[in-house]
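*Asks:* If you scroll down you'll find the structure; I have some questions about it.
The values are calculated or read from the model by the stated rules, or taken from the named source; none is laboratory data. Only a predicted model underlies this, so the values are computations on that prediction, with no experimental measurement involved. Because the Cβ atoms are built from the backbone with ideal geometry, glycine has one as well, and the counts that use them run over all protein chains shown. To get the accessible areas, we keep the full protein, side chains included, count just its heavy atoms, and leave off ligands, DNA and RNA. Shrake-Rupley method; radii C 1.70, N 1.55, O 1.52, S 1.80 Å.
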Amino acid sequence: MASTLLSLFSQIPDPRRGQGQMYPQAPILLFTVLAMLAGAQSYRQVHAFIRAHLKRLNAAFGISV
């Protein structure tokens with residue numbers, strides 16, 4: 001059985017408090033890894049990557065974040 005990165009990330013326990021769980025953890029981790037692979041080296045660069053590519057990322061991975 002093949003596992004996707006998204007399904008693997010969804011198995012990681014979420015340590016955030018309830019108020020910090022506005023967005024699901026698995027897509028955040030996945031998008032952060034993709035941003036880093038694309039050259040992001042800071043939180044701002046990760047945020048800029050996700051902001052610029054969010055529609056395509058959501059479509060590619062079947063997510064509505």
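*Asks:* Return the pairs, sorted by first residue and then second, in which the second residue is part of a loop (DSSP other than H, G, I, E, B) and surrounded by 10 or more Cβ atoms within 10 Å (Cβ to Cβ), the first residue lies in the stretch 10-23 and is modelled with pLDDT of 85 or more, the beta carbons are less than 6 Å apart, and the residues are 6+ apart or on different chains.
*Replies:* Tyr23/Val65
*Asks:* If the requirement is being free of Cβ contacts under 8 Å to residues at least 60 places away in the same chain, of a type in the set (A, V, I, L, M) and in contact with a Phe, Trp or Tyr (Cβ under 8 Å, 6 or more places away or on another chain), which of these qualifies: Ala60, Ala48, Ala26? Spell out the reasoning first.
*Replies:* Values: Ala60 fails: in contact with a Phe, Trp or Tyr (Cβ under 8 Å, 6 or more places away or on another chain); Ala48 fails: in contact with a Phe, Trp or Tyr (Cβ under 8 Å, 6 or more places away or on another chain).
Just one listed residue meets the conditions, Ala26.
*Asks:* Based on what the data block shows, is Leu8 within 19 Å of Ile63 (Cα to Cα) and open to solvent by 50 Å² or more (accessible area, probe 1.4 Å)?
*Replies:* Details: within 19 Å of Ile63 (Cα to Cα): yes; open to solvent by 50 Å² or more (accessible area, probe 1.4 Å): yes.
Here the answer is yes, as Leu8 does meet what is asked.
*Asks:* Further question on the same structure: Just give me the residues in the stretch 24-65 being outside any helix (DSSP H, G or I) and at pLDDT 95 or above, in sequence order. It would help to see each step written out before you state the result.
*Replies:* In the first step, residues of the stretch 24-65 are kept if they are outside any helix (DSSP H, G or I); the result is 24, 38-42, 62-65.
If the condition is that a residue be outside any helix (DSSP H, G or I) and at pLDDT 95 or above, then Ala38, Gly39, Ala40, Gln41, Ser42 are the ones that fit.
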